[in-house]
Amino acid sequence: MAKANLLARAPFLRNDAPASVLSVRTEMSQIPFAELRTWMFQGALPFWAAAGVDREHGGFREELSLDGRPTDVDFKRLRAMCRQTYVVSHAALLGWGEGAELSRYGYEYLISHAKLADGGWARMLSREGQPIDRRQDLYDLAFVLYAMIWRYKLSRDPEALKHAHGVLDFIDTKMRHGEGFWNALPPEGPRLQNPHMHLFEASLAGFEATQDERFLGFSHEIVALFRTHLFDGRTLGERFDEDWTRQSDEAGRTVEPGHQFEWAWILAQYQKLSGENVTREAESLVAFAELHGVDPQSQAVFNSVSDDGAARDASSRTWPNTERIKGWLGLYELTGRDPIPAVAGSCRLLLDRYLGPPAPRGSWIDHFDASGRPIAKAAPASTFYHIFLAFAEVLRLEPKLSK
């Protein structure tokens, strides 16, 4: 379907929407800025600083039970610890008092326990902090880079920046494979877009923090891959063959609306920082995701759909809903298109369903089925990255959006 038709059909992209959509626009016209701020700074950050830090063995906990207690999980994933280090670093930059100490705590734990002698980073640690999986994962390395950059943004510690460059050195010399990079070492499975997306995000953060063209060079490279292979003008592929041909099986035809929204936001940051025009791509990503990937009644974002738009997994985790917020905010900054109905709707859904009771204040119920029934077994710490970044973006744009 041509982009113009997608834009015309996507509910919140229209000015001449039918009455049922206009009523949603009216009901969802207020972004709850104060509630977001309260949840972040009086709820979630204090809660995870108390319950989510492993003061016995060091680092951050992998997850908490649904009633807010530590679980018996006996491992710590690298990506989760990096995401928590990002959250507390960003929170410190926004004025949260405990953030600076926790940023240092997370950073020092990472470099003392997860960094390996060959320049790589352990994929997983035991509860006590010993490497139990030394394989290299591009997704995880992207989040090491992200954590190091945000630590540097807060502390201006040259050692943190040195570690960031070390991550890029490792990726560049050991994981490069034709166009793009291996997903893992040793190589495994199909080629994936998602690790490249997070490397794109982290590289842009590095350029924003340092103005070092090396970071922007990685971003240019991934945008080229996006344009030539990952995105077909409508949908973002997830799994690819060796030559970056989209896999033709069911898994290859799967589209994740959350990733479409997420790419739109990252592309918006890229355009602001590089001057390269990617507005058309961002619009198309949001249009398809909004049209096919959002339940018009609840406004929950489906976990996945088919490339023909049919719902595949109509359950909804927290993160696709936070990415809808970011995608619309990115589109707003690129085009001025009104983001308030979609942003307000997703914020309200998150606050009332995912972040509200019975979850402890500051925690979440991460997964609901298609009927809106909770199906999560625990609260994964890694979810905080998605929620915090989305809400921080809403608050960053509050002066413009609240006029």
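Some observations on this one:
- Only one entry in D313, D307 is without any contact (Cβ under 8 Å) to a residue 12 or more places away in the chain, in contact with a strand residue (DSSP E or B) (Cβ under 6 Å, 6 or more places away or on another chain) and of a type outside the set (S, T, Y), namely D313.
- For the range 82-130, a residue qualifies if it is hydroxyl-bearing (S, T, Y) and either in the same structural domain as F391 (by TED's automatic domain parsing) or farther than 14 Å from D140 by Cβ (or both), and the qualifying residues are S89, S103, Y105, Y107, Y109, S112, S126.
- Scan of the range 160-183 for residues that are farther than 22 Å from L230 by Cβ and either without any contact (Cβ under 8 Å) to a residue 24 or more places away in the chain or not in a helix (DSSP H, G or I) (or both), ordered by number: K162, T173
- Every pair of residues 6+ apart whose Cβ atoms lie under 7 Å, when the first sits in the range 268-285 and is within 18 Å of G233 (Cβ to Cβ) and of a type in the set (D, E) while the second is modelled with pLDDT under 95 and assigned to a helix (DSSP H, G or I): E283/K3; E283/L7
- The range 1-63 holds helices (runs of 4 or more DSSP H) entirely within its bounds, and those carrying 1 or more residues that are modelled with pLDDT under 50 and in contact with a Ser or Thr (Cβ under 9 Å, 6 or more places away or on another chain) map to 3-9.
- The conditions of being farther than 22 Å from A390 by Cβ and either surrounded by fewer than 20 Cβ atoms within 10 Å (Cβ to Cβ) or not charged (D, E, K, R) (or both) are met by A311.
- Residue within the range 203-211 that is polar (S, T, N, Q), farther than 27 Å from P257 by Cβ, touching a Leu at 6+ places or on another chain (Cβ under 9 Å) and modelled with pLDDT of 95 or more present: yes
- Condition broken by G233, with the remaining ones in (1) surrounded by 15 or more Cβ atoms within 10 Å (Cβ to Cβ); (2) in a loop (DSSP other than H, G, I, E, B) satisfied: (1)
- Subset of the range 42-72 that is free of Cβ contacts under 8 Å to residues at least 60 places away in the same chain and within 18 Å of M124 (Cβ to Cβ) - its residue that is surrounded by the fewest Cβ atoms within 10 Å (Cβ to Cβ): D72
The rows are residues; the columns are (1) outside the structural domain of S304 (by TED's automatic domain parsing); (2) crowded, with 16+ Cβ neighbours inside 10 Å; (3) over 27 Å from D313 (Cβ atoms).
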residue	(1), (2), (3)
D169	yes, no, yes
G180	yes, yes, no
E188	yes, no, no
Q211	yes, no, yes
W244	no, yes, no
P257	no, yes, no
W265	no, yes, no
K272	no, no, yes
G275	no, no, yes
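- Residues (closer than 30 Å to E393 by Cβ and either exposed (fewer than 15 other Cβ atoms within 10 Å of the Cβ) or of a type in the set (S, T, Y) (or both)) located in the range 99-143: E101, S103, Y105, Y107, E108, Y109, Y139
- Flag if G120 is closer than 20 Å to Y385 by Cα and small (G, A, S): no
The values are calculated or read from the model by the stated rules, or taken from the named source; none is laboratory data. Everything numeric here is computed off the predicted structure, so don't read it as measured data. Methodologically, a virtual Cβ is constructed for each residue, glycine included, from the backbone with ideal geometry; neighbour enumeration extends over all protein chains shown.
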